[in-house]
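The values are calculated or read from the model by the stated rules, or taken from the named source; none is laboratory data. These numbers come from a predicted model, not from an experiment. Positions of Cβ are backbone-derived with ideal geometry, glycine not excepted, and every protein chain shown enters the neighbour counts. With ligands, DNA and RNA removed, areas are computed over all heavy atoms of the protein, side chains included. Shrake-Rupley method; radii C 1.70, N 1.55, O 1.52, S 1.80 Å.
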Amino acid sequence: MAKTVVISGHPDLEQSNTNKVILDELRKELDDLVIRRLDILYPDYKIDVEAEQKALLEADIIILQFPFYWYSIPALLKKWIDDVFSYNFAYGAQGDKLKGKQFILSFTVGGPEESYDPLGYNHFSIEQFMYPLQQTAYLAGMQYNKPIFTHRMVYIPGVYNKLEDVQFRAKKHAEQLISRVHELNNSMEITIKQFVADWFEMFDQLPTEDHKFISHLSNDVNWEMPEGQFKGHQGFRDWYEGAKKTFKPDCLHDVEQVEVQENGDGYKALIRVRLKADTYEDSPFKGEAVNILVNENWSLKSDEKGHILIDNYQVTPVTA
């Protein structure tokens, strides 16, 4: 199950007739969901950048939920983007921290659909008004999903719309958003990325038993490492014994990048990961701490039950 974080950009959510309904529906229907209400967290507009970046790093799906204000987003949400999408986090030489994450814009629009047309009084389409946010997603390397938005979402007593009508539309909007999240949860890309994260987290502990690794290796797995090539389950066991004699438990694999591609009837995962570990005195590293950056190329497949198997595992050190 992918983790979803919703950034609620409404400046006063308790006064909302629609955004609040949408978020309430999400809470009822989605598991592993985090909603960050900017109006409660930052009424003074002083964004805790570290906390917000941490929330994004832990998420697979990022949703911006907001009312459409003056052809754009509320000022609080704009401030959040300006502060959180910083250099070397969302862009720049090392700014790939959001790469590959699913990105959804979900927002409410007060005006009618026909007004967002070259012949309407707003002249431009909603999609055109979203171009700056779309480009933001592209620059950060995120997967930009088609926005989810609903018109006629403003209630002005006695003037415009009925309260029950806008709240009904808000619930229908939430249904669309929930459906989109479920679709992404069933995505093999997200499943494989989570598998990669779990694999390295398990390896960091260097468990005595290797059966959890073996259960995800095909019988004739090809294991290509800098120290040699190993074949099948026994080949992996031979390599793993050497790894346990080299690295001490509680090492750290910092996954910097994962790209998932379809590969025939399977998938390929292109991974860049940095290993930080202490070593044993009688190992080839003679007890020195290591900090090694490598590229990994995995070939994987999934059975009908969703169980992932690795067919080929290739590691290539990145030289300076």
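Taking only the C-alpha atoms, wrap a convex hull around the stretch 209-251 and report its volume per residue in Å³ as a whole number.
80
Could you tell me the accessible area of H123 in Å² (1.4 Å probe, neighbours in place), rounded to the nearest ten?
100
Leaving out ligands and nucleic acids, note down the accessible area per residue over the chain with a 1.4 angstrom probe, in whole Å².
Value for the chain: 52 Å² per residue.
Counting other C-beta atoms within 10 Å, and keeping those with at most 15, which DSSP coil GluC sites (Glu not before Pro) do you find in the stretch 30-70?
E58
Subtract the Cα-Cα distance of V290 and F124 from 0.36 nm times their separation in residues, and report this length gain in nm to one decimal.
The V290-F124 span can extend by a further 54.2 nm.
For the stretch 165-252, which GluC sites (Glu not before Pro) pass both filters: DSSP loop (anything but H, G, I, E, B) and at most 10 other C-beta atoms within 10 Å?
Those satisfying the criteria are E209.
How large are Rg and Dmax for the chain when only the alpha carbon atoms are used, in Å?
For the chain, the Cα radius of gyration and maximum Cα-Cα distance read 23.7, 82 Å.
Report the label-to-label distance for K28 and Y160 in nanometres (one decimal), using points 7 Å from each Cα along the Cα→Cβ vector.
2.7
Can you compute the helix-only [θ] at 222 nm over the chain? Use -39500 (n - 2.57) per DSSP H run of at least 4 residues, normalise by all residues, nearest 500 deg cm²/dmol.
Mean residue ellipticity, 222 nm, calculated: -10000 deg cm²/dmol.
For K46 and Q135 in the same chain, what is the full-extension length gain: residue separation times 0.36 nm, less their Cα-Cα distance, in nm?
29.5 nm
Return the inverse of the average 1/r over all pairs of distinct C-alpha atoms in the stretch 89-207, which is the Kirkwood hydrodynamic radius, in Å to one decimal.
Answer for the stretch 89-207: a Kirkwood hydrodynamic radius of 17.4 Å.
With all protein chains present and a 1.4 Å probe, how do Y138, Y280 order by accessible area, largest first?
Result of the area sort, largest leading: Y138, Y280.
Whole angstrom only: what separates the Cα centroid of the stretch 23-98 from the Cα centroid of the stretch 200-276?
With the stretch 23-98 and the stretch 200-276 each reduced to a Cα centre, they are spaced 34 Å.
Give the value in nm², to one decimal: projected area of the alpha carbon convex hull of the stretch 1-149, averaged over all directions.
The Cα convex hull of the stretch 1-149, projected and averaged over all directions, gives 9.0 nm².
Which of A170, I148, W199 sits farthest toward the positive end of the charge dipole of the chain, with +1 on the Cβ of Lys and Arg and -1 on the Cβ of Asp and Glu?
Of the candidates, A170 comes out farthest on the positive side.
Using a 1.4 Å probe on the protein heavy atoms, what percent of the accessible area of the stretch 1-95 belongs to carbon and sulfur?
48
Once the Cβ-Cβ distance between D82 and D12 is put in as r, and R0 is 22 Å, what FRET efficiency do you end up with, to the nearest 0.05?
0.60
Restrict the search to the stretch 4-72; then list the trypsin sites (Lys or Arg not before Pro) that DSSP places in a loop and that have at most 13 other Cβ atoms within 10 Å of their Cβ.
K46
Dimensions of the stretch 134-194 along principal axes (Cα, Å, largest first)?
Result, largest extent first: 51, 25, 13 Å.
Rounded, prolate or oblate: which fits the stretch 102-158 when a ≥ b ≥ c are the square roots of the eigenvalues of the alpha-carbon gyration tensor, with rounded for a/c under 1.5 and prolate only if a/b beats b/c?
In terms of gyration-tensor shape, oblate.
Using a 1.4 angstrom probe on the protein heavy atoms only, line up Y45, Y313, Y121 by accessible area, largest first.
Putting Y45, Y313, Y121 in descending order of accessible area: Y121, Y45, Y313.
Modelled label-to-label distance, S218 and D238, 7 Å Cα→beta-carbon offset: nm?
With each label point 7 Å from Cα toward Cβ, the separation is 2.0 nm.
Rounded, prolate or oblate: which one fits the stretch 55-94, using the alpha carbon gyration tensor with axes a ≥ b ≥ c (rounded when a/c is under 1.5, else prolate when a/b beats b/c, else oblate)?
oblate
Residue separation times 0.36 nm, minus the C-alpha to C-alpha distance between D311 and W70: what's the value?
Extra length from D311 to W70 when fully extended: 81.5 nm.
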